[in-house]
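What follows is a set of notes on a single structure, which appears directly below.
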Amino acid sequence: MTAHSDEPVTGTRGRVVSRVSDLIGSTPLLQLCALGNGTRYLLKLEQFNPTGSMKMRMARQMVIDAETSGQLRPGGHIIESTSGNTGLGLAVVAAERGYRFTAVVDNHAAAEKLRSMRAMGTNLHFVTEDGVTELATSAREDLAEQMAADDPDGWFPEQHNNPSNSAGYRALAQELIDDAASPIDAMICAVGTGGSLFGTARELRRLGQNTTVIGVEPVGSIAFGGPGGPYHQSGTGTPPGATIGTAVDYNLLDQGVKVSDVDAFATSRALARRGGLMVGGSSGGAIFAALDILPSLPANSTVVTIICDGGEKYLDTVFDDDWMMRHGLLDPAAELHVDAKFDAAGVPRSRSGAEQIVAEYA
């Protein structure tokens, strides 16, 4: 049998590996557009990780570090609150390393994510009744912590306050430098736990980069101040009543931006029509913010957005007209507006941009 190393594996594309988590990393960079002043806007496509999400990186790191510290023992029981992508990553790592895994979830999570976790042997424990789709972050976290405390073999990763969350993205920073072949001048990314943006930014700074860090959260999230309220962007933001986790490092943050569900989802939908790239709603929000910010950055900048996950997980929500209509989020005018923003930024377009939007809603 091939021996396994717990050191992060990079550069695995095109190689034979011995377990799924060895495929983490080396995800591609896509240049979405280049402005006339020489600024490049790149998307780090993390949907090419196993489970289709960047969260695979931190899930593995949290488990490895818990094993090293003795918090997680052989045959142990991982119990974590999750909106989906962290749970998917933990499901893979648990299956590989022989742990039981219970995901404490609510119905706000995409159904596809829940089905995928269950397929990998995860026990799903719901904190909300069927038909209740509001976020229940605090209830999830409280219950997961209590369940782990009551189980002698239990371990609660507590992703929002686990330093291994941010540490899991160190390799991503090096990938950006290597593949962009230039300094990373700015990052404009969604902020959920904060691990991906701030973990990557911290490592970029350690590697000598002077990167401007811009976080994006949904309108209704409270991490960057302002009134709290409900929102539908999955896996991102801090809902009212939840505690902002320690992975959110305000010392690294240069600017915080809020984007509405309508604009975030319109961006994801317009991008899919325009060039066939499907991204999740939180990534749509980050791209929407970036399109506004790009012209204000210095000429010849290299700007990156980490794409949290692909849009295929949201076929029943963001990309479903009926769901969008039921939640008051379907807005053809917003999609046309986003399409115009893409034109202004020089994002290449196919024949299926604004014309298809107009035809579909005529």
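The values are calculated or read from the model by the stated rules, or taken from the named source; none is laboratory data. Please read all numbers here as calculations on a predicted model, not as lab measurements. Ideal geometry is used to build each Cβ from the backbone, glycine not excepted, and the neighbour counts take in all protein chains shown. Just the protein is used for accessible areas: all its heavy atoms, side chains included, with ligands, DNA and RNA removed. Shrake-Rupley method; radii C 1.70, N 1.55, O 1.52, S 1.80 Å.
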Once each part is reduced to its C-alpha centroid, what is the distance from the stretch 125-185 to the stretch 58-91 in angstrom? 9
Simple spin-label estimate for D320/S18, 7 Å along Cα→Cβ, in nm, reads 4.2
Based on the Cα gyration tensor of the stretch 124-241, what are the three equivalent ellipsoid semi-axes, each the root of five times an eigenvalue, rounded to whole Å and given largest first? 31, 20, 11
Packing-ranked peptide list from 191-201, 337-347, 177-187, highest mean Cβ count within 10 angstrom first, is 191-201, 337-347, 177-187
Using just the helices of the chain, give the 222 nm mean residue ellipticity in deg cm²/dmol: DSSP H runs with n ≥ 4 each add -39,500 (n - 2.57), and the total is spread over all residues, rounded to 500. -11500 deg cm²/dmol
So the FRET efficiency between L30 and S296, C-beta based with R0 = 22 Å and rounded to 0.05, is 0.45
The distance between the Cα centres of the stretch 294-337 and the stretch 218-251, in whole Å, is 18
Per residue, accessible area of the chain with a 1.4 Å probe, heavy atoms of protein chains only, in Å², comes to 40
Would you please state the base-10 log of I(q)/I(0) at q = 0.15 1/Å for the chain, with intensities from the Debye formula using one equal scatterer on every alpha carbon? -1.34
Contact order normalised by length for the chain, with contacts defined as Cα pairs under 8 Å and 6 or more residues apart; what percent is it? 18
For the Cα atoms of the chain, what angle does the longest principal axis make with the long axis of helix 261-275, in degrees from 0 to 90, nearest 10? 70
In degrees between 0 and 90, to the nearest 10, how far off the longest principal axis of the chain does helix 281-293 point, with axes built from Cα atoms? 40
Given R₀ = 25 Å, FRET efficiency for R115-A149 by Cβ-Cβ distance, to 0.05? 0.30
Between helix 85-97 and the chain: long-axis angle, C-alpha atoms, 0 to 90°, nearest 10: 40
Answer with one residue from A181, A345, G195: the one whose Cα lies farthest towards the positive end of the charge dipole of the chain, charges on Cβ with Lys, Arg +1 and Asp, Glu -1. A181
When only C-alpha pairs under 8 Å and at least 6 residues apart count, what is the relative contact order of the stretch 183-287, in percent? 30
